[in-house]
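A short worksheet on the structure shown next.
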Amino acid sequence: MRELPPVHIPLLAEALTRFLAEELRAAGLRRWVVGLSGGIDSAVAAALAVRAVGAEPVEALALPGPTSSPESLEHARLVADGLGIRLDIVDLGEAGRAFASTLDIREDRLRFGNLLARMRMTTLFDRARRDGALVLGTSNKSEILLGYSTLFGDAAASVQVLGDVWKTHIFELARFLGTPEVVVSKPPTADLWPGQTDAGELGFDYPTADPVLHWHHEGGMTRDDLVAAGFPESLVEGVLHAYRRNRFKWRPTVIARVSSSCINVDRILPRNPR
């Protein structure tokens, strides 16, 4: 069975740090806004931003909802204190309940979770507009390929610094950056309802799924190739089902191309002309 190829973690951290510094410079802005969930991805994104521009220009928001775990807020505070950044708490509980009632969501956990994810991103973009900042995304490559995200919620951001980094490598990156071990070692969760975990919803964890994703997405291995290579058939089926079903999320704003200069992912345009 094939493994996920290793990555040089210090070099990866340096590349992402320089990327964040350059994106801010190119936008003509001086600040980053990031939602600190108490999880590993947002902790790593925030740490990279601090490495890139220092602590003062990084604004962190904790955005608890009606069903958020108190532990998540505790861990967000722990990360912010360790990085030396201020953490503002914007409680979305009352607003979330009111909005859910207006939409008659009630007990639909999936719809409510999507609603809360979009409310969180609305809050981050509003803060960024107020303070002249860019919104720092926290989605990783594994989540994106599996579609484990909410369109225009956590999938929305000015920049996704971790979008080409496998979740398996996020754990390594977190320890390299000094992320508190309690944050690194806890089960990944979007904290949308009590007891919710990524693995519980997906049916597999990231270290198990990442090699399948890598060898299919980057290595071109088919379903049969993966099974022949020793990956359990049930795992391959589950991962590839999520991969194929959620491909529409990879390009959330697809433009119908009717010219030779369509602004889309299939045409590379200079992002930062000098």
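Observations, loosely collected:
- A single member of LEU162, LEU146 is in contact with a strand residue (DSSP E or B) (Cβ under 9 Å, 6 or more places away or on another chain), surrounded by 20 or more Cβ atoms within 10 Å (Cβ to Cβ) and either hydroxyl-bearing (Ser, Thr, Tyr) or within 29 Å of GLY96 (Cβ to Cβ) (or both), and it is LEU162.
- Here SER42 clears all of (1) farther than 16 Å from PRO180 by Cβ; (2) of a type in the set (Ser, Thr, Tyr); (3) not in a loop (DSSP other than H, G, I, E, B) except the condition numbered (1).
- Identity of the residue in segment 178-191, buried (at least 20 other Cβ atoms within 10 Å of the Cβ) and among the aliphatic types (A, V, I, L, M), that ends up farthest from ALA15 (Cα to Cα): ALA190
- Screening segment 197-212 for residues that are charged (D, E, K, R) and at pLDDT below 95 and picking the one that is surrounded by the most Cβ atoms within 10 Å (Cβ to Cβ) gives ASP198.
- Residue within segment 94-102 that is more than 25 Å from GLU172 (Cβ to Cβ) and crowded, with 21+ Cβ neighbours inside 10 Å present: yes
- Looking only at segment 166-196, and only at residues there that are β-branched (Val, Ile, Thr) and at pLDDT 95 or above, the one that is nearest to ARG51 (Cα to Cα): THR179
- Any chance ASP88 is surrounded by fewer than 19 Cβ atoms within 10 Å (Cβ to Cβ) and not in a helix (DSSP H, G or I): yes
- Of all residues in segment 120-138, exactly one satisfies the criterion of being buried (at least 22 other Cβ atoms within 10 Å of the Cβ) and in a loop (DSSP other than H, G, I, E, B), namely THR138.
- When residues in segment 91-122 are screened for being under 26 Å from GLY178 (Cβ atoms) and free of Cβ contacts under 8 Å to residues at least 60 places away in the same chain, 0 of them pass.
- For segment 196-207, the criterion of being under 18 Å from ALA242 (Cα atoms), of a type outside the set (S, T, N, Q) and touching a Lys or Arg at 6+ places or on another chain (Cβ under 6 Å) is met by at least one residue.
- Among the residues of segment 170-213, those that are part of a helix (DSSP H, G or I), closer than 27 Å to GLY84 by Cβ and either under 18 Å from the mean Cα position of the chain (by Cα) or not acidic (Asp, Glu) (or both) comprise ILE170, PHE171, GLU172, LEU173, ALA174, ARG175, PHE176, VAL182, VAL183, VAL184, SER185.
- Residue in segment 53-62 that is closer than 30 Å to ALA98 by Cβ and either assigned to a loop (DSSP other than H, G, I, E, B) or of a type in the set (Gly, Ala, Ser) (or both) present: yes
The values are calculated or read from the model by the stated rules, or taken from the named source; none is laboratory data. Values in this document were obtained by computation on a predicted structure and should not be read as measured data. Ideal geometry is used to build each Cβ from the backbone, glycine not excepted, and the neighbour counts take in all protein chains shown.
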